[in-house]
Amino acid sequence: MKRKLFFIGTILTPIILSAVFIFFGHPDQNGRISLTGETTSTPDGYQELIQQSKITLANSARETLITIDGKDEIRNDIVTVESVDSTTTVDCPAASECGQGWYVPTDSPTSFMNATNGKCIDTDGYYGSQCWDLGNLFWQNYTGRSFSTCGKGGAKNTIENGCWQINAGNNFDMIWDKTKIQAGDFVVFNGGQYGHVGMALGGYNNGYVALFGTNQGGAACSGGGAAANTINISLSQFAGAFRPKSWHNNPAPNPDPNPNPTPTPQPDVTSYTVVRGDTLGEIAVKNGWFKSGKLFGDDGLTQEIADRNGIANRGLIFPNQVIVWP
């Protein structure tokens, strides 16, 4: 009799425990179940990437709205994130493998995403696959010029006063109302020291948006940062968005966030594609950018050109790199 009871107990105990775990468990942001609702184990290297990029995960999962070719889809398997502030500082070891000089299609959000999804992108050869690099790759292919931080180096600086005008040019409409975000908008976040930027894959969804970007918890890149992936991110630190005009025939007008802004003249932007053997000094002279003053040195024109184009070392530029100058 004792043996029978022991045998029955060994069968029923795991079944009962499993039922209790499912009944009382809570899904974490990765869709796994735990009794506390805290994050369960993640793929190797993922927690390190979160720490490097200062990714703040949400306490619970949220439904993610993704719009593909005009059709809405609700997903429950995408990590929910409160904020991202990239800080990885490792150089890319091989420029040809890191998105420098890449051609990528920009005829639609889907084609751009399909060409870059899962890939490490380092368009300037510095700091690994940062969030800015994906935006810069798009700007280079869509406009023929770089995605400028106006010499400040952070993703959030691309949309600050005086800089968004340069980046928008005649190619983008500005979106200042986060509830008006559409798939294909390049959304900028101003949280932390550097901020974050990525391409929306859907519209506003209860304070969140599906965001496609680099260095936001994707697969680790050998040169630092992380490959392009999709997250569901809070819009609490939304700064604004760039909307490619060719993707939307009738963009909704949006007011400037400053009710009485100081008028800023729109600069004429010219661009030059680097060929082997070029230097910034030679480029400035032959394009007529150098008028007077100092050409070289930390306070010279070449340093100013490097700052405006996000070039960390003014003496190191690469063939096919696009240099812009207003």
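Assorted remarks:
- Every residue from segment 143-155 that is crowded, with 22+ Cβ neighbours inside 10 Å and part of a helix (DSSP H, G or I): A155
- Top-ranked residue in segment 184-223 [being among the polar types (S, T, N, Q) and surrounded by fewer than 24 Cβ atoms within 10 Å (Cβ to Cβ); ranked as nearest to S129 (Cα to Cα)]: S222
- Remark: Q165 falls outside the filter, which requires a residue to be buried (at least 19 other Cβ atoms within 10 Å of the Cβ), over 13 Å from the mean Cα position of the chain (by Cα) and of a type outside the set (F, W, Y).
- Residue check for Q182: in contact (Cβ under 8 Å) with a residue 60 or more places away in the chain and either in the same structural domain as N309 (by TED's automatic domain parsing) or under 28 Å from F318 (Cβ atoms) (or both): no
- Looking across segment 103-119, the residues that are part of a loop (DSSP other than H, G, I, E, B) and out of contact with any strand residue (DSSP E or B) (no Cβ under 9 Å at 6 or more places or on another chain) come down to Y103, V104, P105, D107, S108.
- Among the residues making up segment 138-151, those that are touching a strand residue (DSSP E or B) at 6+ places or on another chain (Cβ under 8 Å) and hydroxyl-bearing (S, T, Y) are Y142, S146, S148.
- Looking only at residues in segment 120-137 that are in a helix (DSSP H, G or I) and in contact with a strand residue (DSSP E or B) (Cβ under 7 Å, 6 or more places away or on another chain), the one that is nearest to P244 (Cα to Cα) is G135.
- Pick from segment 90-119, criterion under 16 Å from N215 (Cβ atoms) and more than 16 Å from the chain's Cα centre (by Cα), ranking: modelled with the lowest pLDDT: V90
The values are calculated or read from the model by the stated rules, or taken from the named source; none is laboratory data. Only a predicted model underlies this, so the values are computations on that prediction, with no experimental measurement involved. Heads up, the Cβs are rebuilt from the backbone with ideal geometry, glycines too, and the neighbour counts pull from every protein chain shown.
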